[in-house]
Amino acid sequence: MSTTTDSIAIDRDIGNFFYNVAATRDAGVGLTEQTIDYIVDVKKEPEWLREFRKNAYHVFNSKPLPTHWAGDELKEIDFNVIRYYLASGEAPKRTWEEVPEDIKRTFERLGIPESERKFLAGVEAQFDSEAVYSNVKKAVSDQGVIFMGSTDALKERPDLFRKWFGRVIPTGDNKFSALNSAVFSGGSFIYVPPGVKVKHPLQAYFRINAENFGQFERTLIIADEGSEVMYMEGCTAPKFTTATLHSAVVELVALPGAKIQYITVQNWAPNVFNLVTKRGLAMEEAEIKWIDCNIGSRLTMKYPGVVLKGRKARGEVISIALAGDGQHQDTGAKMIHAADETSSNIVSKSISIGKGRATYRGLVHVPKHLKGCKNNTECDALLINANSRTDTYPAITVRGTGNSTQHEASVSQINAEQIFYMQQRGLSEGQAMSLAVNGFVNDLVSQFPMEYSVELKRLIDLEMEGSVG
Amino acid sequence: MSSIVIDDLHVSVADKEIIQGLSLEFSTGEIHAVMGPNGSGKSTLAKVMAGHPDYQVTRGEILMDGVSILEMEPDERSRRGLFMAFQYPMEIPGVSNANFLRAALQARLPEGEELDAIEFYQRLYQKMDLLDIRREFTGRAVNEGFSGGEKKRNEILQLAMLEPTFAVLDETDSGLDIDALKVVAKGVNTICGPGIGILLITHYQRLLNYIVPDFVHVMSEGRIVRSGGKELALELESKGYDWLKARKPETVGAN
């Protein structure tokens with residue numbers, strides 16, 4: 001690897017640049033038991049975790065690729081050429097001044113320190129495998145809120161961490177949750193004490209900087225009784241010629257009466273395989289809301305879910321997927337009703353451009369013995385070109401007499417007369433498309449925090465303007 | 001003074017020739033009415049001027065201040081000052097009227113320049129008042145769920161905000177009751193002046209009671225068969241279109 005620091009190649013997308021940063025901790029290429037030993041040793045992890053990881057490694061090997069779902073694209077991933085752990089070996093810094101120059105510059109270009117000053121309660125910035133910066137505002141930590149990298153949490157709060165780790169998403173949930181369990185590193189850990197309402201959002205930013213690399217962060221958020229927290233994550237990677245893998249596991253635990261809102265705006269380069277498992281556990285009268293925006297990547301497979309475990313728990317998934325030419329967004333939601341009077345709401349909007357493909361996969365499960373459960377599912381697809389593709393696979397099983405579900409789906413295409421109308425008012429074809437797409441997702445975007453809705457609009461503009469000559 | 005010159009225009013849609021040698025000139029400061037029975041090619045004229053991709057010009061020219069616009073994209077024609085009020089305005093779900101107008105005005109500014117939001121709203125409210133449009137209208141999605149009258153008023157509002165050099169109003173009177181017609185006409189009358197040339201395309205004479213044209217042209221079978229002053233419209237009203245159909249085309253210059 002060369003050591004020049006100014007080899008920047010900027011494309012139209014914001015994340016597509018990189019500074020060469022040499023990692024001193026490198027698990028090498030490919031995945032074997034030795035890779036896991038290396039990670040455990042370098043991170044100085046306890047023995048139970050070594051066992052946990054090795055077990056997960058075997059589960060990963062035993063499960064076939066889910067090609068029957070997303071298709072043969074998954075076969076393009078060569079697990080033997082991927083690097084599973086890359087880090088500097090340094091602990092995350094509390095101030096940006098302490099962060100190494102090139103890494104700091106990377107996050108400055110992505111606007112992270114600026115957002116932190118303006119509106120965030122805390123920030124964690126992950127660079128490849130580990131957090132390089134982690135800070136939470138004093139007013140928030142004084143309330144007893146814990147916000148740190150999961151690597152640190154394992155050491156500093158093993159009691160809290162181990163109690164919930166792997167409880168919402170077991171290792172064997174799917175092939176990629178097993179992979180994550182085997183090699184996870186980084187991710188956020190949040191604990192909000194009973195009754196504490198965190199006013200401003202906590203944010204994590206996941207940056208892949210290296211080629212042939214796999215990022216496997218593990219996030220665990222526990223909101224204790226009656227507390228409230230909003231967490232946002234952003235992700236980017238430069239555009240490399242070879243495939244990059246991002247495979248996270250995110251577990252949320254909302255104890256009775258707690259509220260968790262989890263917002264993702266991802267803007268992956270078009271060669272990233274993004275295979276993520278996200279699920280929350282909502283106890284009595286708790287509420288979990290996933291807001292998920294999937295832009296970019298070669299293939300995304302992600303179905304945020306909520307297990308509605310306590311009476312009157314509420315779950316919500318709001319998702320926007322934009323499948324550009326040659327991309328496949330296979331996204332959706334899972335709602336597992338496991339208590340009376342639980343309710344869930346799914347609103348999914350997808351946009352397919354060119355040969356882009358958007359798939360909605362939904363699972364709603366209400367068993368027979370429950371009473372007073374409600375689900376509402378709405379999925380709308382917008383096709384930009386005649387060769388764009390969308391598929392909807394809703395699997396709704398609602399049994400029992402006192403439960404109800406409502407499902408609506410629509411597919412529309414931007415028509416030439418609409419574009420002509422907007423062009424007649426002076427907008428270029430790209431601007432017209434972009435306006436139509438922004439209009440299509442407008443009712444969902446208006447639920448985002450202001451800063452994120454602006455960011456999302458900008459990403460849609462870039463994507464649409466790039467899609468017409 | 002600016003002018004549009006249409007010279008020996010032939011236009012086909014899906015290989016069928018709709019306009020067959022039409023010539024017409026108009027300038028800023030003038031109001032021209034183009035009248036004609038259904039199927040005479042009136043709406044085709046509006047669409048081909050605006051650059052609709054389905055309409056092929058097989059012969060002839062359209063010049064704006066001496067420059068051919070035929071190779072220009074619809075948006076470039078618009079930014080050069082050509083506006084068309086649609087007979088059937090399109091709905092744009094999720095995009096508010098205010099945002100749409102802002103985007104259209106922003107598209108006219110040089111790169112890097114931002115539209116002044118306060119000035120924009122002041123001007124927007126002033127034009128809305130003129131057209132009896134309520135404030136809440138700005139937040140509604142463009143034409144979505146609008147009545148026929150609201151859609152047409154919205155077209156005139158856009159016209160007022162974009163301040164084009166030339167405006168082609170394609171059957172703006174169709175589907176309007178008399179009150180809505182009066183409001184639309186009032187809007188157009190406040191916009192008229194030395195800085196704008198207006199081409200009113202209409203089937204009925206009724207609109208011309210409220211917007212008085214300087215010139216009237218009658219279209220039949222894809223060409224202009226008769227041109228004259230505003231009294232021509234009244235003559236058509238009493239005699240119908242049939243008496244003109246058989247006649248050979250006559251050219252009466254607009255200037």
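With the cut-off at 31 Å, tell me which of the pairs A:Lys43/A:Lys289; A:Lys118/A:Lys239; A:Lys199/A:Lys368; A:Lys44/A:Lys259 have Cα atoms farther apart than that. Among A:Lys43/A:Lys289; A:Lys118/A:Lys239; A:Lys199/A:Lys368; A:Lys44/A:Lys259, the Cα-Cα distance tops 31 Å for A:Lys43/A:Lys289; A:Lys199/A:Lys368; A:Lys44/A:Lys259. Derived scalar couplings between HN and Hα for region A:216-223 equal 10, 7, 10, 10, 9, 10, 10, 9 Hz in order, rounded to whole Hz, by the Karplus curve 6.51 cos²θ - 1.76 cosθ + 1.60 (θ = phi - 60°), x for Gly and Pro.
Could you work out the pair-distance distribution P(r) of region A:351-395 from its alpha-carbon pairs, with 5 angstrom bin width and percents rounded to whole numbers? Per 5 Å bin, starting at zero, the Cα-Cα P(r) for region A:351-395 comes out as 5, 19, 21, 15, 12, 10, 7, 6, 4, 0 percent. Across region B:222-237, coupling constants 3J(HN,Hα) worked out from phi with the 6.51/-1.76/1.60 Karplus curve, θ = phi - 60°, read x, 8, 8, 9, 6, 10, x, x, 5, 5, 4, 5, 5, 4, 4, 4 Hz, and Gly and Pro carry x. Take the accessible area of chain A alone and of chain B alone, subtract that of the pair, and you get about 2000 Å² summed over both chains, using a 1.4 Å probe.
Taking Cα atoms, how many degrees apart are the long axis of helix B:97-106 and the longest axis of chain B, rounded to 10 and kept between 0 and 90? Tilt of helix B:97-106: around 80 degrees.
Take each residue in B:90-98, count the other chain C-beta atoms within 10 Å of its C-beta, and the mean is 6. Classified by the C-alpha gyration tensor, region A:25-467 has a rounded form. Its axis ratio a/c, with a ≥ b ≥ c, is below 1.5. Taken residue by residue and averaged, Cβ atoms of other chains lying within 10 Å of the Cβ of A:412-424 number 6.
Between A:Asp292 and A:Thr264, A:Ile318, A:Ser319, A:Ile320, the built amide H atoms are under 5 Å apart, and every one of these is 5 or more places off in sequence or on another chain.
In terms of its C-alpha gyration tensor, chain B comes out prolate, because a/c is 1.5 or above and the ratio a/b outweighs b/c.
Taking amide H as placed 1.01 Å from N in the peptide plane, B:Gly21 has its amide H under 5 Å from the amide H of B:Leu9, B:His10, B:Val11, each at least 5 places away in sequence or on another chain.
Provide A:His337, A:His200 ordered by accessible surface of protein heavy atoms (probe 1.4 Å), highest first. Could you put the intermediate results ahead of the total?
Values: A:His337 5, A:His200 100 Å².
Descending accessible area places them as A:His200, A:His337.
Averaged across the residues of A:431-438, what count of C-beta atoms belonging to other chains lies within 10 Å of each residue's C-beta? Kindly include the intermediate steps, with their values, before the conclusion.
Details: counts 5, 5, 0, 1, 8, 4, 2, 4.
Neighbouring Cβ atoms belonging to other protein chains average 4 per residue here.
Counting heavy atoms of the protein chains alone, A:Lys239 has an accessible area of about 80 Å² for a 1.4 Å probe.
Counting only alpha carbon atoms, the long axis of helix B:178-191 and the longest principal axis of chain B meet at about 80°.
Taking a ≥ b ≥ c as the square roots of the eigenvalues of the alpha-carbon gyration tensor, region A:271-370 is classed prolate because a/c is 1.5 or more and a/b outweighs b/c.
For region B:129-234, the list of trypsin sites (Lys or Arg not before Pro) that fall in a loop by DSSP and count at most 10 other C-beta atoms within 10 angstrom reads B:Arg134.
Dividing the summed -39500 (n - 2.57) terms of all DSSP H runs of n ≥ 4 by the residue count of the protein assembly as shown sets its mean residue ellipticity at 222 nm at -8000 deg cm²/dmol.
Could you calculate the FRET efficiency of A:Glu33 with B:Ile118 from 1/(1 + (r/R0)^6), where r is the beta carbon distance between them and R0 is 45 Å, rounded to 0.05? The formula returns an efficiency of 0.10 here.
Normalised by 2.2 N^0.38 Å, where N is the number of residues, the C-alpha radius of gyration of region B:81-197 stands at 1.02.
The values are calculated or read from the model by the stated rules, or taken from the named source; none is laboratory data. What you see is a predicted model; the values in this text were computed from it and never measured. Cβ sites come from the backbone with ideal geometry, for glycine too, and all protein chains shown count toward neighbours. When the accessible area is computed, the model is the full protein with side chains, heavy atoms only, and any ligands, DNA or RNA have been set aside. Shrake-Rupley method; radii C 1.70, N 1.55, O 1.52, S 1.80 Å.
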